[in-house]
Amino acid sequence: MFIPKLLWPLLVYDICSTTVEAIEAKINKYTRKWLGVSPGLSDVAMHCRKAKLKLPMKSFLEENKCGKARLLTMLEESDDPVVKTIKEGKYLDLTKELKQDGYEAKVMPVEIGAR
């Protein structure tokens, strides 16, 4: 789908969440038009997994937050010494942005060497 192509630049460049919300609004607008549903159909109805209308779509804003949380976890939990020395700069402050969005990363413990 086209969303991974849009998510990659959002991870590489520091783009504010209001811009991401505007992109999501445009995506939802054209998706509603393409599906032929009412423009008043809520975003919850479009992205809900328990409703009668189950679309294989995820919220673009939520995918962006998950991607940033994955990037932060990758930087913090890496075994590579070069990656561990990478510091967040003034242009990329993931922890502040994730806390501002109210998103807490849920990290599951990983067993190393277990099969």
Output the qualifying pairs, or none if there are none: Cβ atoms under 7 angstrom, residues six or more apart or on different chains, first residue in the stretch 1-29 and farther than 14 Å from Glu62 by Cα, second residue of a type outside the set (A, V, I, L, M).
Asp14/Tyr91
Filter the stretch 31-41 down to residues that are free of Cβ contacts under 8 Å to residues at least 24 places away in the same chain and surrounded by 10 or more Cβ atoms within 10 Å (Cβ to Cβ) and give me whichever is farthest from the chain's Cα centre (by Cα).
Val37
Could you grab me the full set of residues in the stretch 42-52 that are out of contact with any Lys or Arg (no Cβ under 7 Å at 6 or more places or on another chain) and surrounded by 12 or more Cβ atoms within 10 Å (Cβ to Cβ)?
Asp43, Ala45, Met46, Cys48
Evaluate the following for Met46: is it out of contact with any Gly (no Cβ under 8 Å at 6 or more places or on another chain), hydrophobic (A, V, I, L, M, F, W, C) and closer than 18 Å to Pro4 by Cα?
no
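Each row is one residue, and each column tells you yes or no for (1) among the small types (Gly, Ala, Ser); (2) at pLDDT below 70; (3) within 20 Å of Leu7 (Cβ to Cβ); (4) in a loop (DSSP other than H, G, I, E, B).
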| residue | (1), (2), (3), (4) |
| --- | --- |
| Lys33 | no, no, no, no |
| Met57 | no, no, yes, yes |
| Leu71 | no, no, yes, no |
| Leu75 | no, no, yes, no |
| Val82 | no, no, no, no |
| Glu97 | no, yes, yes, no |
| Met108 | no, yes, no, yes |
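The values are calculated or read from the model by the stated rules, or taken from the named source; none is laboratory data. The structure presented is a predicted model; accordingly, all values stated were derived computationally and were not measured. Don't worry about glycine lacking a Cβ; one is built from the backbone with ideal geometry, like all the others, and counts go over all protein chains shown.
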